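**Q** Have a look at the structure that comes next, please.
The values are calculated or read from the model by the stated rules, or taken from the named source; none is laboratory data. Because the structure is a prediction, the values reported are computed rather than measured. All Cβ positions, glycine included, derive from the backbone under ideal geometry; neighbour counts span all protein chains shown.
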Amino acid sequence: MSMNSIILNPENVTDSEVLTYEKRISVRALVFDDQNRIALMNLTKRGYYKLPGGGMEPGEDEESSLRRECLEELGRRIEISRKFAKVVEYI
């Protein structure tokens, strides 16, 4: 499956600055409840919302990581229906 690519760079980090950051592969999910509402994580101290998920642990595949993260953050087991994007975070 091909995915469109989009780069989100709200801090306007330059290409040369990116080289100084550590790359972290993360997984995120659009999680719907039975009323088709989407779960969002509120990062109050940082002033924004994000989709549930997080960084992959060594030895994990994407689906296992996503299931673990959603169980930790939402307290729920999820069913993965399809993959639609890849997240690469620089920390």
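**Q** Restricting to the range 1-38, and then to whatever is touching a helix residue (DSSP H, G or I) at 6+ places or on another chain (Cβ under 8 Å) and part of a loop (DSSP other than H, G, I, E, B), can you tell me which residue is nearest to Phe84 (Cα to Cα)?
**A** So, considering only residues that are touching a helix residue (DSSP H, G or I) at 6+ places or on another chain (Cβ under 8 Å) and part of a loop (DSSP other than H, G, I, E, B), the one nearest to Phe84 (Cα to Cα) is Ala29.
**Q** Whether any residue in the range 71-91 is in contact with a strand residue (DSSP E or B) (Cβ under 7 Å, 6 or more places away or on another chain), assigned to a loop (DSSP other than H, G, I, E, B) and in contact (Cβ under 8 Å) with a residue 60 or more places away in the chain is what I want to check.
**A** Yes, the range 71-91 contains a residue that is in contact with a strand residue (DSSP E or B) (Cβ under 7 Å, 6 or more places away or on another chain), assigned to a loop (DSSP other than H, G, I, E, B) and in contact (Cβ under 8 Å) with a residue 60 or more places away in the chain.
**Q** If you don't mind, there's one more thing I want to ask. Just the residues that are out of contact with any Phe, Trp or Tyr (no Cβ under 9 Å at 6 or more places or on another chain), assigned to a loop (DSSP other than H, G, I, E, B) and more than 13 Å from Ile25 (Cα to Cα), please, taken from the range 39-68.
**A** Thr44, Lys45, Arg46, Gly47, Leu51, Pro52 - these are the residues of the range 39-68 that are out of contact with any Phe, Trp or Tyr (no Cβ under 9 Å at 6 or more places or on another chain), assigned to a loop (DSSP other than H, G, I, E, B) and more than 13 Å from Ile25 (Cα to Cα).
**Q** Okay, next question. Tally up the residues in the range 72-91 that are at pLDDT below 90 and over 29 Å from Thr20 (Cβ atoms), please.
**A** Our first condition is that a residue be at pLDDT below 90; within the range 72-91, this holds for 82-91.
Add one more test, that the residue is over 29 Å from Thr20 (Cβ atoms), and what stays is 82-84.
Residues that pass the stated criteria total 3.
**Q** Say we look at the range 17-71 and pick out the residues that are of a type in the set (S, T, N, Q) and crowded, with 16+ Cβ neighbours inside 10 Å; which of these is modelled with the lowest pLDDT?
**A** This residue is Ser26.
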